[in-house]
Amino acid sequence: MSQDIKNDENLWEVPNAVPLIKVQGVTKRFGSFTAVDNVDLNIYKGELFSLLGGSGCGKTTLLRMLAGFETPTSGTITIDGVDMTDVPPYERPINMMFQSYALFPHMTVESNVAYGLKRDGVEKSEIARRVDEMLAMVELSSFMKRKPHQLSGGQRQRVALARALIKRPKVLLLDEPLGALDKRLRTQTQFELMNIQDKLGVTFVVVTHDQEEAMTLSTRIAVMDEGSFVQIGTPTEIYEFPETRYVAKFIGSANMFNGRVTQDGADHIEISVNDLDTKFYIDHGASVRLNAEIWIAVRPEKIIISKTPPEKPGPNQLKGTIHDIGYLGNMSTYRVEMSNGMIVDVTAPNQTRYRSAKHDLDWDDQVYLSWAPSSAVVLQK
Amino acid sequence: MGPLQRGGVTKMNTRVFSYINAWITKLQSRWQTIVIAIPFYWLLLFFLAPFAIVLKISLAESIIAIPPFTPLINFAEGGVLTIRILFDNFIFLMEDDFYVKTYLNSIKISGISTLLCLLLGYPMAYGIVRASPATKNILLMMVILPFWTSFLLRVYAWMGLLADRGTINNLLIWLGMIDEPIRMLYSEFAVYIGIVYSYVPFMILPLYANMEKLDTALHEAAADLGANPITTFLTVTLPLTIPGIIAGSLLVFIPAAGEFVIPDLLGGGNVLMIGRVLYNEFNSNHDWPVASAVAIVLLLVLVLPMMVYQYYQSRKTED
């Protein structure tokens, strides 16, 4: 994970650390529609923070409020200790990379990148030096005199990045930074973005609907839904310990089971799953009540699929028939149908060549599924 | 699927497809010709041919006959073909400073009117683009609405408003702000009002079309990079609306320069514009050749700068 290499300690874990961006009780309404609903958020220096959610979840509105293009209906935004309520966008220590890039079509690459420095009245020689430096960083030095329409999508994206970074903002806002790029370029650019952020130490706030993008880039992710944060945490926390069914479904895929708590110990829980002749055993405590109806999630890659039955029957075991197989090359997805008709997704790496003896799983085969006691997660709602 | 079997099927298909393809391509290339041909012949018939006739008349001499000018080509007795081309009319126009003055005055009046239309129309277009969708439609409708009424009628209405005993003067006298009516009608002022009022929609509409295409994110990007609203306007909005400014200005300047009704009705005899001179030459003096020469010179005065501009513009885009 990038943050482990970069920071000796994660500021959000340090008690009394002063956040760079402090969002307090911010609400934004458009007429009767509430886009952002009373959110609180602290973002610390050097973070690469992602706001993740589907369309209309309020992530872009929140970003635009940070940039100053929208005014909160209520609540305050503080950046580096300064209340931003009455600060217009052109006086904020923030720059933004727009989803459409918003490059000035009548200006060359050079003029686009120099625009911000010119507005600050920086000396000409200094502007030229910094533009050169910035274009060298994004590897566009030879495209200086081109106009935006003469560039490819990836090149435009890098011009937009250079233009937004040249003023050395305290915070860089990125609105779907990789959305317009094709998949191959996207992966490459993701790592470039991370390197640049690492080198310059600028705090990045990224808005994205792409969970993969958020997972690779971020130090922390805030998952948004209907104007509120559903969960805020590191990519690992969000993936391995989703708190709600929404998060579990939105980040990766998950098999969700509805069950009743039959044992509630300090170090374990046992759940009897409705309709299925099995018990789930989870080797960590959770705040649940005995006999309460709860939801449990198991990630498809945590499940072991086999044609041979387990040595002895026990908890965390299921039996079913293969309903469908999705061959993805590096791995395969098996859709296994349980006795009650429920479908459980299992992914398994194709370590050997397909159709070799070991992985000879075929349609309608009867298979046994099992997982470790640590694999299942109890969801709050 | 053996290669032999596949080859056989494919060859057959390819032949059919290539035949259909060729047929479609042929039709498409013809369509292109048809689509271009209609406006081409339209302009040829209704613009270039009349223009040639006017040019021909301008090179003739005025006589008392029907038609009232000498023919260009004449078969003299004995089958001698004579072509008479006279540049007298053009020389006459250049030598008489009445015409030169009138041309310059027309250009001055239409130039200033264009500038006034721009100053008035630019903020209006900007306002319309920024309005909410519902308001936008109403505002656009209001820009277009005057065209529903006859142009002539609207100019007459201005006569009623501006006359010595007209609405405006009566109102001001009634309010006690003035004792004597202000002379407004039959002055250059009235001509400016008439031209700006009549032509401002032709400025607003191209500007609106231009501004509508601008991504609002560009303004936000400028603001984000530290440009206050005035700087944003000067460095982003204005340079990107130059095509709209040019289109609107041409649409106002060209017809305004040749305008006849407005200077005649609102300017009376006090405002000299070339449209009125042309009308007088044609209708009062019955001097068709001079009237044609006036029209040809007007065309050259208006079209030549435009062609030069377009030539440099196209060279610029080629770079």
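The values are calculated or read from the model by the stated rules, or taken from the named source; none is laboratory data. None of the values given here were measured: they were computed from a predicted structure. Methodologically, a virtual Cβ is constructed for each residue, glycine included, from the backbone with ideal geometry; neighbour enumeration extends over all protein chains shown.
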- Task: State whether one or more residues within the stretch A:224-241 are farther than 24 Å from A:GLU293 by Cβ, touching a Gly at 6+ places or on another chain (Cβ under 6 Å), aliphatic (A, V, I, L, M) and surrounded by 23 or more Cβ atoms within 10 Å (Cβ to Cβ).
- Result: yes
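What helices (runs of 4 or more DSSP H), lying completely within the stretch A:209-306, carry at least 2 residues that are under 27 Å from the mean Cα position of the chain (by Cα) and more than 23 Å from A:LEU174 (Cβ to Cβ)?
Output list reads A:245-250.
When you scan the stretch A:35-74, how many residues do you find that are surrounded by fewer than 17 Cβ atoms within 10 Å (Cβ to Cβ), more than 26 Å from A:GLU13 (Cα to Cα) and of a type in the set (D, E, K, R)?
0
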- Query: Checking B:ILE262 against (1) within 10 Å of chain A (Cβ to nearest Cβ); (2) buried (at least 17 other Cβ atoms within 10 Å of the Cβ), which single condition isn't satisfied?
  - Reply: (1)
- Note on the structure: Filtering the stretch A:307-349 for residues that are within 23 Å of A:ALA376 (Cα to Cα) and not in a strand (DSSP E or B) leaves a count of 15
- Could you figure out which of (1) surrounded by 14 or more Cβ atoms within 10 Å (Cβ to Cβ); (2) over 30 Å from B:SER150 (Cα atoms) isn't true of B:GLY244? (2)
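Within the stretch A:75-98, take every residue that is surrounded by fewer than 21 Cβ atoms within 10 Å (Cβ to Cβ) and within 8 Å of chain B (Cβ to nearest Cβ) and give me the one that is nearest to B:THR237 (Cα to Cα).
A:TYR90
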- State whether one or more residues within the stretch A:17-28 are more than 21 Å from A:ASP225 (Cβ to Cβ), at pLDDT below 90 and either among the polar types (S, T, N, Q) or assigned to a loop (DSSP other than H, G, I, E, B) (or both). yes
- Note on the structure: All-but-one check, B:LEU115 against (1) closer than 30 Å to B:ALA209 by Cα; (2) touching a residue at least 12 places away in the same chain (Cβ under 8 Å), failing number (2)
- Message: Quick check on B:THR82: is it among the hydroxyl-bearing types (Ser, Thr, Tyr), out of contact with any Cys (no Cβ under 7 Å at 6 or more places or on another chain) and at pLDDT 85 or above?
- Response: no
- Just give me the residues in the stretch B:188-214 being surrounded by fewer than 16 Cβ atoms within 10 Å (Cβ to Cβ) and within 14 Å of chain A (Cβ to nearest Cβ), in sequence order. B:LYS213
- Task: Looking only at the stretch B:284-298, decide whether some residue is in contact with a Lys or Arg (Cβ under 9 Å, 6 or more places away or on another chain) and assigned by TED's automatic domain parsing to the domain that holds B:ARG130.
- Result: no
- Only residues that are more than 19 Å from the chain's Cα centre (by Cα) and modelled with pLDDT of 90 or more: list them for the stretch B:235-276, please. B:THR235, B:VAL236, B:THR237, B:LEU238, B:PRO239, B:LEU240, B:ASP264, B:LEU265, B:LEU266, B:GLY267
- Conditions (1) within 26 Å of the chain's Cα centre (by Cα); (2) within 14 Å of chain B (Cβ to nearest Cβ); (3) crowded, with 23+ Cβ neighbours inside 10 Å; number of the one not met by A:VAL113: (1)
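Taking the criterion of being assigned to a helix (DSSP H, G or I), among the hydroxyl-bearing types (Ser, Thr, Tyr) and either buried (at least 18 other Cβ atoms within 10 Å of the Cβ) or more than 22 Å from the chain's Cα centre (by Cα) (or both), would at least one residue in the stretch B:176-187 satisfy it? Working first, answer last.
Just the residues of the stretch B:176-187 that are assigned to a helix (DSSP H, G or I), to begin with: none.
No - not one qualifying residue is present in the stretch B:176-187.
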- Message: Please determine whether any residue of the stretch A:140-160 is surrounded by fewer than 19 Cβ atoms within 10 Å (Cβ to Cβ) and of a type in the set (Val, Ile, Thr).
- Response: no
